[in-house]
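The values are calculated or read from the model by the stated rules, or taken from the named source; none is laboratory data. Since the structure is predicted, the reported quantities are computational estimates derived from the model, not experimental observations. FYI the Cβ positions are ideal-geometry reconstructions off the backbone, even for glycines, and counts take in every protein chain you see.
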Amino acid sequence: MRNAVLLQNGLLLTTDNSAGIGEKEADIVHVDDEIVAYFAARVTLVEQWAAGAHPISIIMHNFSGNKSWKKYLTGIEKLFIEIEQPCPVVTGSTESNMEMLQSAMSVTMIGEKRPTSNEESTWCIYGKPCVGQEVLMDADKIADIKKIWDGIASGLVQRVWPIGSTGIEAECKRLGLSCQLNGWDISKSAGPATSVLLGISPDRMVEAKVHFGKYFEEIN
């Protein structure tokens, strides 16, 4: 498992947070709260998939004030609409007693394990590393969450491993992979999992290249 916690009852917990990004004047990156929640949920969902699970419950912690709750909720729901799956019930709380100068929120998902394949995989990278405003400006370059889910559902994708702030090379090392990618910045942060490592069945590589299209390349 990557950044997942296995609970005693067999459920898996993953989480992601965001701070200084949103609609407040003092935020470092100014973007709609709906988009903030969408990407926080996106990271948390991909972490679920990396652990071989899918969420059944979502908890949201909102430090941005009451007016942000609905937008955050809409962002989370948008993610599940995108993959054409029911959105689990979202619960949580809002800090309404103290007015924060900057936006802050987190998304936690509790998921159930799904059957996973133990077959040999060919590791590939999908989606270019993007961070900050690049995530919105270069949206066509980031990993398409619907394509990843469809790949998982069809058995095309056997394993998922999101790229975080340490970059492609660091995550490859965690998996024991030697990373050689021409034309890719392998040390750059991938922000909200804009790049994802995918384990593909070796005999389905041609199909995978057609399915994922541009910004999909085999490691090494």
Q | Criterion: out of contact with any helix residue (DSSP H, G or I) (no Cβ under 8 Å at 6 or more places or on another chain), aliphatic (A, V, I, L, M) and either farther than 23 Å from Gln158 by Cβ or in the same structural domain as Trp161 (by TED's automatic domain parsing) (or both) - qualifying residue of Ile21, Ile59 | A | Ile59
(Q) Quick check on this structure: which one of Gly176, Gly191, Gly213, Gly183 is more than 25 Å from Val135 (Cβ to Cβ) and either outside the structural domain of Glu47 (by TED's automatic domain parsing) or out of contact with any strand residue (DSSP E or B) (no Cβ under 6 Å at 6 or more places or on another chain) (or both)? (A) Gly176
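Quick grid of which residues meet (1) buried (at least 17 other Cβ atoms within 10 Å of the Cβ); (2) not assigned by TED's automatic domain parsing to the domain that holds Trp161:
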{"residue": "Val90", "(1), (2)": "yes, yes"}
{"residue": "Ser96", "(1), (2)": "no, yes"}
{"residue": "Met100", "(1), (2)": "no, yes"}
{"residue": "Ala104", "(1), (2)": "yes, yes"}
{"residue": "Val107", "(1), (2)": "yes, yes"}
{"residue": "Lys128", "(1), (2)": "yes, no"}
{"residue": "Val131", "(1), (2)": "no, no"}
Q) Is there any pair linking a residue in the stretch 75-87 that is in the same structural domain as Ile35 (by TED's automatic domain parsing) and free of Cβ contacts under 8 Å to residues at least 40 places away in the same chain to one that is among the aliphatic types (A, V, I, L, M) and part of a helix (DSSP H, G or I), with Cβ under 8 Å and at least six apart or on different chains, and which? A) Ile76/Ala37; Ile76/Ala41; Cys87/Ile76; Cys87/Leu79; Cys87/Ile81
**Q.** Long-range neighbours under 9 Å by Cβ, at least six apart or interchain, first residue in the same structural domain as Gly22 (by TED's automatic domain parsing) and closer than 17 Å to Glu77 by Cα within the stretch 40-51, second modelled with pLDDT of 95 or more and among the basic types (Lys, Arg)
**A.** Ala41/Lys78
**Q.** Residue satisfying all of: in the stretch 192-207; crowded, with 20+ Cβ neighbours inside 10 Å and not hydroxyl-bearing (Ser, Thr, Tyr); farthest from Ile163 (Cα to Cα) among these
**A.** Ile200
Q.
Return the residues of the stretch 1-22 that are surrounded by fewer than 16 Cβ atoms within 10 Å (Cβ to Cβ) and touching a Leu at 6+ places or on another chain (Cβ under 8 Å); say none if nothing qualifies.
A. Met1, Val5, Leu6, Leu7
